[in-house]
Amino acid sequence: MTTTISTPAGQAGVRGKAPGTARGPRRPGRLRRIGLPYLLLLPALALELLVHLVPIVIGFVMSFKELTQFYLRDWTAAPWTAFDNFSVAVDFDAPVGRGLLHSFWITCLFTVLSVGLCWLLGTTAAVYMQETFAGRGLLRALFLVPYALPVYAAVITWAFMFQRDNGLINHVLHDQLGLTDGRPFWLIGDNSFFALLTVSVWKGWPFAFLIVMAGLQNIPKELYEAAALDGAGMWQQIRRITLPSLAPVNQVLVLVLFLWTFNDFNTPFVLFGKAAPEAADLISVHIYQSSFATWNFGTGAAMSVLLLGFLLLVTGVYLFFTSRGRKVSHV
């Protein structure tokens, strides 16, 4: 009596292989899988090192040297001054330190006003853009135009508009509306601060609008419907639902706006030229003047290092308290 046992083809193939038969291609090992992402990031990291980190290190070394126009051909030959450049920068009784302190307070006031207005306008526009109405898509696109325009083209246009005799601002305020007694100067004197603030807010609020609008997409509409059924009005919904839900988005947004605004160089440089008025003397332009107008690159580098330390300190404190507040709210 013969018994036939049927074996699946796959199992028969496996069992029928001799011990020395070659196997199929091996899968990549764990080390290879882990190293591939870093290998792909290597070109970007190399460019980041070349563009940002190397100049930072060179600037840090320059801050300890007496680097003037006499050592431009070989800046490494400039004599070491230890902390003398930093002492000059923070000596607030001397003209250099007093000018840096004045520029620092001007920059702080400018940053607080610019970031606050950008956030307020961006959040307000994003909240109202959540409603459905005719032309909403076109209006959203128009809101993003200031952010999409090149900085130099936009600021140069504003510089023409702020001209005293032929500018659009004075034409509207003085000729059309009669709100001023005469034609004020906007690019010199005390009014230069408000001109700079106007351009900064006009240029920056669309970014806040874009980020907040993206954050609003993650808030379930059921929360607003339930709040409306409970009798909550628009302001109560914004206060109880919208703002708490946008807290993580706003934390990142405010930090980014703060760093961009405090370090802004292009806007005042294009608007006022190489010498900004005293009322609009932002610290970025002040450091530029201290370096290239007086040819004292060592002192300018020391001011840049102090600015970097201040920004790192503010960023660290801000992240510490915001992350701590998030943890407390989740407990």
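The values are calculated or read from the model by the stated rules, or taken from the named source; none is laboratory data. Keep in mind that this is a model prediction, so the values were computed, not measured. All Cβ positions, glycine included, derive from the backbone under ideal geometry; neighbour counts span all protein chains shown. Just the protein is used for accessible areas: all its heavy atoms, side chains included, with ligands, DNA and RNA removed. Shrake-Rupley method; radii C 1.70, N 1.55, O 1.52, S 1.80 Å.
Over all distinct Cα pairs, what is the inverse of the mean 1/r for the chain, reported as the Kirkwood hydrodynamic radius in Å? By the Kirkwood definition, the hydrodynamic radius is 25.2 Å. Taking packing as the residue-averaged number of other Cβ atoms within 10 angstrom, the listed peptides 239-246, 35-42 run from highest to lowest as 239-246, 35-42.
Element breakdown for the chain at a 1.4 angstrom probe: carbon and sulfur atoms account for 67% of the accessible area. So for the range 181-225, what percent of the C-alpha to C-alpha distances run longer than 12 Å? Beyond 12 Å sits 72 percent of the P(r) for the range 181-225.
Computed from backbone phi with θ = phi - 60° and the Karplus coefficients 6.51, -1.76 and 1.60, the 3J(HN,Hα) list for the range 275-289 is 10, 7, x, 4, 6, 10, 7, 5, 5, 5, 6, 5, 5, 4, 5 Hz; x is used for glycine and proline. Candidates 238, 188, 170 compared by Cα position along the dipole of the range 152-270: farthest toward the positive end lies 238, with charges placed on Cβ. Computed over every Cα-Cα pair of the range 231-316 and binned at 5 Å starting from 0, the pair-distance distribution P(r) comes out as 3, 13, 16, 16, 14, 9, 7, 7, 6, 4, 3, 1, 0, 0 percent. Helices that extend 24 Å or more along their long axis by alpha-carbon positions and average at least 0.5 on the Kyte-Doolittle scale are, among the DSSP H runs of the chain, 30-48, 95-128, 191-216, 297-330.
Divided by 2.2 N^0.38 Å, where N counts the residues, the Cα radius of gyration of the range 27-186 comes to 1.70. In the context of the full set of protein chains, residues of the chain present 65 Å² of accessible surface per residue (probe radius 1.4 Å, heavy atoms only). Near the amide H of residue 65, within less than 5 Å, lie the amide hydrogens of 81, all on another chain or at least 5 residues away, with H placed in the peptide plane.
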